[in-house]
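> Structure provided below as structure tokens; questions to follow.
Values in this text are rule-based calculations from the coordinates and carry no lab data. All of these numbers come straight from a predicted model, not from anything done at the bench. Every residue, glycine among them, receives a Cβ derived from its backbone with ideal geometry; neighbour counts consider all protein chains shown.
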Amino acid sequence: MTAHTIGHDEARRLIAAPRDALDDLLARAGEVRDRGRGRIVTFSKKVFVPLTTLCRDYCRYCTFRRDPGEPGAHTMTPDEVVALVQAGARLGAKEALFSLGDKPEALFPEHRAFLRRMGHRTTLGYLRGMCALTLQESTLLPHVNPGVMAERDLAALREVTVSMGLMLETLSRRLLEPGMAHERAPDKVPARRLRTIELAGKLGIPFTTGILIGIGETLDERVDALVAIRDLHQRWGHVQEVIIQNFRAKPRIPMRDAPEPGFEDLARTVAVARLLLGPDVNLQAPPNLSAAEYPRLLGAGLNDWGGISPLTSDHINPEAPWPAIRELRRATEGAGYALRERLALYPEYVSRAEFVTDRLRARVAELTDGRGLVKECHEHWRSW
């Protein structure tokens, strides 16, 4: 912990502070953000690649996952991946965000048969092949969110990606109990997710993680998860982004009647995360999950809007469209900040050789300026 961060106990106190203390909390977090990140707010122009919607976990809040034969169940072919990333490149995207279910081959023989036809044994092996194909057939740089991984999987994917991610979501083991959010989700055991994040640090992988609020956790448990993320980052220096994501109820999920976190709850959690994580960590909350209120998150210590796509929807929250980038720019500048495009690899990691593989170093350098942001000559988004 540094002089610019708060401790575990103070974070627990602040996240439960009365409503009339919220303005002071947000102002304090905003000052810390400005001290560390300045007046620039970033985003990544991406294509969302839903490699497979099959998953062995049955999280009670998820609309992305499907069983074979269900409407929407699909695993992309190599031709579909290439067509999508090339279309994104034509629109100026730089990031190919691969999202997929956890280890569907462990549950579904249909998926094992698909993988065999593609020449792979595991979904993670197939993912690596599709990332390599993306690098070969397009200008996009892959970022992957493939779930819990072993060290050998992380090492293999590191060679064909600029960054990876795994949401910690929560440290609460209560949520694994019957009737709770993670009852039928073996890959949501907190210790397994922490282990993946730590292994990524050991291997020098720029990593995105975060928490999911409103799924049954307590306020103290939110803080506990943020402290765990902070401790891992202090040890390895690899957590390039922390996301505070709010649960959204949807008609087809088991948690469809669960209450959503209010905006003040989200803003308070973002502010406590900023004070706990410190001035230098990149902090994000998805703007499409807060509708018209998202610009107010800048006052809570946020400094990044995450990935925005001109081509694909948010397949995790398909009911919530991305804001148009021109609207994002107006909202950001209206709050007194400059909006700049970044890669999936955050600026401070661009020039650090230990975090960029030899294979991708030249491609990253060609796209970025001296500050690690996308060169303005490559920013094809200002009228979108």
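> What list of whole percents do you get for P(r) of region 219-322, with Cα-Cα distances grouped in 10 Å bins up to the one holding the largest distance?
14, 42, 34, 10, 0
> Report the local net charge at Arg121: Lys and Arg +1, Asp and Glu -1, summed over other residues whose C-beta lies under 14 Å from its C-beta.
Residues near Arg121 contribute +4 overall.
> Moving on. Taking Rh as the Kirkwood radius, which is the inverse of the mean 1/r over Cα pairs, what is the Rg/Rh value for region 153-197?
With Rh from the inverse mean 1/r over Cα pairs, Rg/Rh is 1.10.
> Using the 2.2 N^0.38 Å rule of thumb for compact globular proteins, work out how region 95-247 stacks up: its C-alpha Rg over that value, please.
Its radius of gyration relative to the 2.2 N^0.38 Å reference: 1.08.
> Further, regarding this structure: Cα-based Rg of region 29-140 per 2.2 N^0.38 Å, rounded to two decimals?
This ratio for region 29-140 stands at 1.31.
> Suppose the chain between Asp67 and Cys377 were pulled fully straight at 0.36 nm per residue; how much longer would it get relative to their current alpha carbon spacing?
That pair, Asp67 and Cys377, stretches by 107.2 nm at full extension.
> Still on this structure: For a quick check, take a GNM of the chain with Cα springs below 10 Å and name the residue from Gly214, Gly372, Gly262 with the largest mean-square fluctuation.
Gly262
> Identify unpaired cysteines across the chain, taking unpaired to mean no other cysteine Cβ lies under 4.7 Å from the residue's Cβ.
Cys55, Cys131, Cys377
> Continuing with this model, one more query. Just need the Rg to Rh number for region 8-378, please, alpha carbons only, Kirkwood Rh.
0.94
> Can I ask one more? With +1 on each Lys and Arg Cβ and -1 on each Asp and Glu Cβ, how big is the dipole of the chain about its Cα centre, in debye rounded to the nearest 20?
That gives the chain a dipole magnitude of about 620 debye.
> So what's the gap between the Cα centers of region 125-163 and region 286-305, to the nearest angstrom?
29
> Among Ala271, Tyr294, Leu311, which residue has its Cα positioned farthest towards the positive end of the charge dipole of the chain, with +1 placed on the Cβ of Lys and Arg, -1 on the Cβ of Asp and Glu, and the dipole taken about the Cα centre?
Leu311
> Would you grab the residues whose amide H sits under 5 Å from the one on Ala285? Only those 5+ places off in sequence or on another chain, please, with H modelled 1.01 Å from N.
The list, which skips near neighbours in sequence, is Ile244, Asp304.
> Right, next: What order, most packed first, do the peptides 166-172, 71-77 have when packing is the mean number of other Cβ atoms within 10 Å of each residue?
Ranking the peptides 166-172, 71-77 by packing returns 166-172, 71-77.
> Pull up all non-local amide H partners of Glu319: gap of 5 or more, or a different chain, and H-to-H distance under 5 Å with H placed in the peptide plane.
Counting only residues 5 or more places away or on other chains, the set is empty.
> Roughly how many nanometres apart are two label points built 7 Å out from the Cα toward the Cβ at Phe263 and Ala353?
About 4.8 nm, to one decimal.
> Follow-up question, since we're still on this one. Considering only Phe108, Ala16, Gly334, whose Cα is most displaced toward the positive end of the charge dipole of the chain, charges sitting on Cβ of Lys, Arg (+1) and Asp, Glu (-1)?
Phe108
> Convert each backbone phi in region 64-72 into a coupling constant with the Karplus relation 6.51 cos²θ - 1.76 cosθ + 1.60 (shift: θ = phi - 60°), then list the ³J(HN,Hα) values in order as whole Hz, x for Gly and Pro.
Taking θ as phi minus 60°, the curve returns 6, 6, 9, 8, x, x, 6, x, x Hz for region 64-72.
> So if each residue of separation counts as 0.36 nm, and I subtract the Cα-Cα distance between Asp20 and Ala338, what length gain in nm does that give?
Fully extending the segment from Asp20 to Ala338 adds 111.5 nm.
> Additional query: Just the number, please: Stokes-Einstein D of region 1-90 in µm²/s, Kirkwood Rh from C-alpha pairs, 37 °C, 0.692 mPa s.
This corresponds to a translational diffusion coefficient of 180 µm²/s.
> Using just the helices of the chain, give the 222 nm mean residue ellipticity in deg cm²/dmol: DSSP H runs with n ≥ 4 each add -39,500 (n - 2.57), and the total is spread over all residues, rounded to 500.
-11000 deg cm²/dmol
> How far apart, in nanometres, would the label points at Arg28 and Arg252 be if each is projected 7 angstrom from Cα along the Cα-to-Cβ direction?
Rounded to a tenth, the inter-label distance reads 4.4 nm.
> Work out the count of Lys pairs in the chain where the Cα-Cα distance is under 19 Å, with the pair 8 or more places apart or on different chains.
Lysine pair count for the chain: 6.
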